[in-house]
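Single-structure report; data block below.
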């Protein structure tokens, strides 16, 4: 259990440093990337491309091991259908990301800088998750 926690801490730390170095924690960087008709900043394509390349190379080796290092089986999604719930949820996510320039990973990494805006975004994320939980029960 401790190895699992330490590996998650290490992976999260690497992810957070990568987000900071690539300026993905700066909402202006994201908004400028999404603004293809104005002040478009294509540099985020290198971050995305790097992530895709690492994934393409590493997944083959990882899955060849048969199971994760600190678990009994890989935790893979079981649902593959595209339905209204997925389309509405991804649309809302995209709208929120485009409006504020933060998605969940970078906004959590941004908390370490001590700014007020990431706290508001994280609070809003939590409120949205609680609202969803309340609506799903109904």
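Bear in mind these aren't lab numbers, they're just calculated from the coordinates by the rules spelled out. All values reported here derive from a predicted model rather than from experimental measurement. Reconstructed Cβ throughout: ideal geometry from the backbone, glycine too, with neighbour counts over all protein chains shown.
A few comments on the model shown:
- Largest-first ellipsoid semi-axes for segment 2-137, taking √(5λ) over the Cα gyration tensor eigenvalues, angstrom: 26, 22, 18
- Per residue, the chain reaches -23000 deg cm²/dmol at 222 nm when only DSSP H runs of four or more residues are counted, each adding -39500 (n - 2.57).
- In plain terms, the chain from residue 117 to residue 13 could stretch by 35.3 nm, reckoned as 0.36 nm per residue minus the Cα-Cα distance.
- Rough spin-label spacing in nm, given labels placed 7 Å along Cα→Cβ, for residue 69 and residue 46: 2.9
- Extension gain, residue 57 to residue 135, is 24.0 nm, computed as 0.36 nm per intervening residue step minus the present C-alpha separation.
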